[in-house]
Amino acid sequence: MAVLISGRGSNLQSLIDAAKAPDYPAQIALVVSNKENAAGLDVARRAGIPARVIPHGNFESREAFDRAIDAALRDARIDLVAEAGFMRIHSDWFAKTWEGKALNIHPSLLPLFPGIRVHQQALDAGVTESGCTVHFIVAELDSGPTIAQAAVPVLPGDTAETLAARILVEEHKLYPAALKLVAEGKVKLENGRAVFA
Ligand code: GRF
C-alpha cells in the first residue's frame, strides 16, 4: 500500500507501527507528499520507506497532478492507497481509477463536518460527541461509504486543539484496523456502499 500525506504524519506513523505485526495484511511500500517540507516525510525516511514528493503546483490541473500520483503508485506496484492528512481534492478520474482501493481518514463523524476547521465546526454546532471516520474515497470531498468510525465526547471547556488531540488518539487505532479489513477483503465497495463480508 501507499500512504499519501501533506503534513505531520502521525497517522502514517500509526500505520507503520501496525504493519510491523507479522500478521498485518499490508506493507507500506511508498509514501507520497505534495509538500516537500511535510514532517511526515521524515517519518517515512526513519522507517526506511521510499518517499516521493510530487508538488501539486507543478501541474496545470487537478487531473494532471493525480495522473502523476497514479504513475508513482503504479511504479511501486501499489494495490491500496491510504490518505492521511493529504490536503488535495482529487479529480473524478482519480476517484474512479482507484475506486474501492483508496481510503481516507477524516476527524469527524461524517457526514457531519466535512472540509476544513473540522473541530471548530463541531464546537460551534454544540455537539456532545465527535470522532473520526475512515471511508472509501469518492469524487466528492469527505464523503464516500464509511468503513469504520470511533466516537469521543466533546467536553465542557474543549478547544479545537483539545478536541483534535482526543480524536487523534482514536484515529491512530481506527485507521490501522479499518485498513486491515480492506486489505483482507472483509469489506469492499460495491454499488456505492461498503459491504462487509
Ligand atoms: C488527521 O486529523 C486526519 O484525520 C486529517 O488530518 C490530520 C492529519 O494528521 N485528515 P497527521 O498528518 O496524520 O498527523
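Every number in this text was worked out from the coordinates using simple rules, so none of it is lab data. The shown structure was predicted, so the numbers you read here are calculated from the model rather than taken from an experiment. Here the Cβ is made from the backbone with ideal geometry for all residues, glycine too, and neighbour counts use every protein chain on show.
Side notes on the structure shown:
- Net charge over other residues, Cβ less than 14 angstrom from the Cβ of GLU63 (K, R count +1; D, E count -1): 0
- Alpha-carbon centroids, segment 39-115 and segment 130-197: separation in whole Å: 16
- q = 0.13, 0.14, 0.20 Å⁻¹: log10 I(q)/I(0) that the Debye formula gives for segment 52-154, counting C-alpha atoms only: -0.51, -0.59, -1.01
- Eligible aspartates and glutamates near LYS35 by straight Cα distance, threshold 19 Å, same-chain separation 8 or greater: GLU60, GLU63, ASP66, ASP70, GLU83
- Cα gyration tensor shape for the chain, rounded if a/c is under 1.5, else prolate or oblate: rounded
- Global form of segment 107-168, assessed from the alpha-carbon gyration tensor, a/c cut-off 1.5: prolate
- Reachable lysines from LYS186, criterion Cα separation under 23 angstrom, eight or more residues apart if same chain: LYS20, LYS96, LYS101, LYS173
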